[in-house]
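Working notes, beginning with the structure itself.
The values are calculated or read from the model by the stated rules, or taken from the named source; none is laboratory data. Just so it is clear, the model here is predicted, and its values are computed rather than measured. Positions of Cβ are backbone-derived with ideal geometry, glycine not excepted, and every protein chain shown enters the neighbour counts.
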Amino acid sequence: MAELIKAMSRTEKGSTACNRVRRAGLIPAVLNGEHCGSLKLKLDAHDFEQLIKHHTGTNIVCNIAVDGSDEIVALLDELQVHTVNGKIIHADFKEVSVTKKLHTQIEVILTGDPVGTTMDQGVLEQTMHELEVECLYTALVESISVDVTDLKVGDKVSVEDVVAPNGITILSDPDLTIASVNIPSVKTEVEEEDGEPELIDGEEVAEKAAEENE
């Protein structure tokens, strides 16, 4: 079910104006779309932050009512967060069609503890965190879970192994690896004839850089 967001229009623009909006307990936002154009909005900060807390993923479909007018179906496109206090400082929305499929990314969440990490000395590595998908907005989900419980050392999960939810087509390359269980590589020092340790990989680069800075 799409979230209802009551928004107010704003005419002011620029960083100074946006800061005034924030001091008033509001969040500046923008809604872009084929039919609605580009709308500058402001949202109640408390209500919007509470809405975000109830969602685990980033794909949040909203019905945005601007100044009490008819609702516009939109997708939360981007959130800007303060680097220090973590508060939301800006939100971008994009209008979505009720009849046309949209292209977006869905977060991949790994579930379970691989046997390769619990029984052996393997380490789980996730190399892909989002899947590119196509679907109607009504079929959109916030995330897709991938069970990695059965992975042994040397095993992997690829895009082709993922079962897409109903109504969703995965567009990502099926050969791409999402996660794998590997034995961590251990670098050792190899003694040279003169007794000095041989530098391995990045250590040699680091020493050369240090010499150049002398």
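MET8 satisfies every condition listed in (1) assigned to a helix (DSSP H, G or I); (2) in contact with a strand residue (DSSP E or B) (Cβ under 9 Å, 6 or more places away or on another chain) except (1). ILE52 meets the conditions (1) crowded, with 17+ Cβ neighbours inside 10 Å; (2) in a helix (DSSP H, G or I); (3) within 20 Å of the chain's Cα centre (by Cα) in every case but one. The failed one is (1). Considering the range 31-71, and only residues there that are in contact (Cβ under 8 Å) with a residue 60 or more places away in the chain and of a type in the set (Gly, Ala, Ser), the residue that is nearest to HIS129 (Cα to Cα) turns out to be GLY57. If the condition is being loosely packed, with under 11 Cβ neighbours inside 10 Å, out of contact with any strand residue (DSSP E or B) (no Cβ under 6 Å at 6 or more places or on another chain) and not aliphatic (A, V, I, L, M), then the range 57-99 contributes GLY68, SER69, ASP70, THR83, ASN85, GLY86, THR99. Screening VAL148, VAL141 for residues that are within 16 Å of ASN182 (Cβ to Cβ), in contact (Cβ under 8 Å) with a residue 12 or more places away in the chain and not polar (S, T, N, Q) leaves exactly one candidate, VAL148.
Pairs linking a residue in the range 153-177 that is touching a residue at least 40 places away in the same chain (Cβ under 8 Å) and in the same structural domain as MET119 (by TED's automatic domain parsing) to a residue that is part of a loop (DSSP other than H, G, I, E, B) and surrounded by 16 or more Cβ atoms within 10 Å (Cβ to Cβ), with Cβ atoms under 7 Å and 6 or more positions apart or on different chains, are LEU176/MET128; THR177/MET128.
Filtering the range 1-44 to residues that are surrounded by fewer than 15 Cβ atoms within 10 Å (Cβ to Cβ), among the hydrophobic types (A, V, I, L, M, F, W, C) and within 25 Å of the chain's Cα centre (by Cα) leaves MET1, LEU4. Residue count for the range 131-166 satisfying the condition of being part of a strand (DSSP E or B), buried (at least 16 other Cβ atoms within 10 Å of the Cβ) and not small (Gly, Ala, Ser): 6.
Going by the structure shown, is LEU76 at pLDDT below 95 and closer than 28 Å to VAL146 by Cβ? Yes: the conditions hold for LEU76. Against the conditions (1) assigned to a strand (DSSP E or B); (2) not assigned by TED's automatic domain parsing to the domain that holds THR56, ASP113 satisfies every one except (1).
Please verify whether the range 113-123 includes one or more residues that are among the hydrophobic types (A, V, I, L, M, F, W, C), surrounded by 13 or more Cβ atoms within 10 Å (Cβ to Cβ) and touching a Pro at 6+ places or on another chain (Cβ under 7 Å). Yes: the range 113-123 contains one or more residues that are among the hydrophobic types (A, V, I, L, M, F, W, C), surrounded by 13 or more Cβ atoms within 10 Å (Cβ to Cβ) and touching a Pro at 6+ places or on another chain (Cβ under 7 Å).
Quick one: would you say THR104 is closer than 30 Å to SER38 by Cβ and part of a loop (DSSP other than H, G, I, E, B)? When the stated conditions are applied, THR104 does not pass them. Among the conditions (1) touching a Phe, Trp or Tyr at 6+ places or on another chain (Cβ under 7 Å); (2) more than 22 Å from ILE144 (Cβ to Cβ); (3) without any contact (Cβ under 8 Å) to a residue 60 or more places away in the chain, the only one that GLY25 does not satisfy is (1). One residue stands out among those in the range 55-73 that are farther than 16 Å from MET8 by Cβ and assigned to a strand (DSSP E or B): the one that is modelled with the highest pLDDT, which is VAL73.
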